[in-house]
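Presented below is the structure to which this report refers.
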Amino acid sequence: MAPSTMMIKTLVALVALATQGAAFTPAMRSAATRRSAVSMEAAPSRRDFVSKSAISVAAGVSAFGLGPGAASAASEGTTKNGVQYRIIKEGKGETAKLGDLAGVRFKCAYKGVVFDDILEAPEPYFMRVTPVGEGALIKGIYEVLPDMKVGEQRQLLVPGPMAFGEKGRPPSPGKPRIPPNADIDYILELSALPGKEQELLDMLDDE
């Protein structure tokens with residue numbers, strides 16, 4: 001029996017739909033694949049994210065306005081007790097050692113507020129280079145000083161236990177309160193080592 005006109009029309013419609021599906025599905029799938037690939041390319045891996053974040057933090061401007069690139073990676077480091085340092089000015093003199101009398105200049109800040117600054121003072125502050133915890137200044141100073149050279153400046157980030165510790169520091173006129181175990185920003189300069197500087201030794205030899 002010959003198919004009716006209605007059946008023929010139905011078959012034609014089904015073939016057309018199947019043809020359209022075949023024509024559109026790959027394109028749609030291709031677009032979806034492209035979107036997925038773009039998404040995967042745009043989304044950074046966890047490793048990349050952590051790496052870029054670390055670089056951004058390391059390159060940040062300090063409380064003292066020191067921009068990135070002030071020193072090479074070779075002149076940066078962390079001491080065994082967590083004091084982070086960056087050499088911002090190379091020294092050319094003698095190296096400090098335990099027991100030496102040292103003249104230092106420094107500038108320190110808490111959350112961007114400077115509370116001690118003798119960096120440009122005519123005379124340095126004289127102190128004895130002692131083991132960590134035995135001197136009058138914060139522990140972090142004694143941790144980095146023994147391998148500094150005369151004329152050298154370092155930018156420091158001193159962790160709380162190596163700064164004012166659990167006691168913190170009370171406020172005083174023009175100076176903020178330092179909370180317990182607060183991190184402190186420092187610029188430390190080894191200005192002199194009386195008795196070890198060559199010019200002084202030459203003068204004594206001439207006498």
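The values are calculated or read from the model by the stated rules, or taken from the named source; none is laboratory data. These numbers were taken from a predicted model, which means no experiment stands behind them. So basically every Cβ, Gly included, is an ideal-geometry build from the backbone, and we count neighbours across all protein chains shown. Only protein heavy atoms, including side chains, enter the accessible area calculation; ligands, DNA and RNA are left aside. Shrake-Rupley method; radii C 1.70, N 1.55, O 1.52, S 1.80 Å.
The set of residues in the stretch 124-140 being more than 15 Å from Leu193 (Cβ to Cβ), touching a Pro at 6+ places or on another chain (Cβ under 8 Å) and open to solvent by 10 Å² or more (accessible area, probe 1.4 Å) consists of Lys139 alone. Scanning the stretch 170-184 for residues that are in contact (Cβ under 8 Å) with a residue 24 or more places away in the chain and either of a type in the set (Val, Ile, Thr) or closer than 23 Å to Gly82 by Cβ (or both) yields Pro176, Ile178, Ala182, Asp183, Ile184. Scanning the stretch 75-111 for residues that are small (Gly, Ala, Ser), surrounded by fewer than 17 Cβ atoms within 10 Å (Cβ to Cβ) and in contact with a helix residue (DSSP H, G or I) (Cβ under 7 Å, 6 or more places away or on another chain) yields a single hit, Gly82.
Which of the residues that make up the stretch 147-161 are over 16 Å from Val104 (Cβ atoms) and open to solvent by less than 50 Å² (accessible area, probe 1.4 Å)? Give the steps one after another, and end with the answer.
So in the stretch 147-161, the residues over 16 Å from Val104 (Cβ atoms) come out as 157, 159-161.
Across the stretch 147-161, the qualifying residues are Pro159, Gly160.
Scanning the stretch 84-115 for residues that are within 16 Å of Lys139 (Cα to Cα), part of a strand (DSSP E or B) and in contact with a Lys or Arg (Cβ under 8 Å, 6 or more places away or on another chain) yields Tyr85, Ala102.
Entry remark, the stretch 169-181: residues being within 24 Å of the chain's Cα centre (by Cα) and surrounded by 18 or more Cβ atoms within 10 Å (Cβ to Cβ) number 1 in total. The listed residues are Glu143, Glu166, Glu189, and the only one of them that is in contact (Cβ under 8 Å) with a residue 24 or more places away in the chain and either in a helix (DSSP H, G or I) or open to solvent by 30 Å² or more (accessible area, probe 1.4 Å) (or both) turns out to be Glu143.
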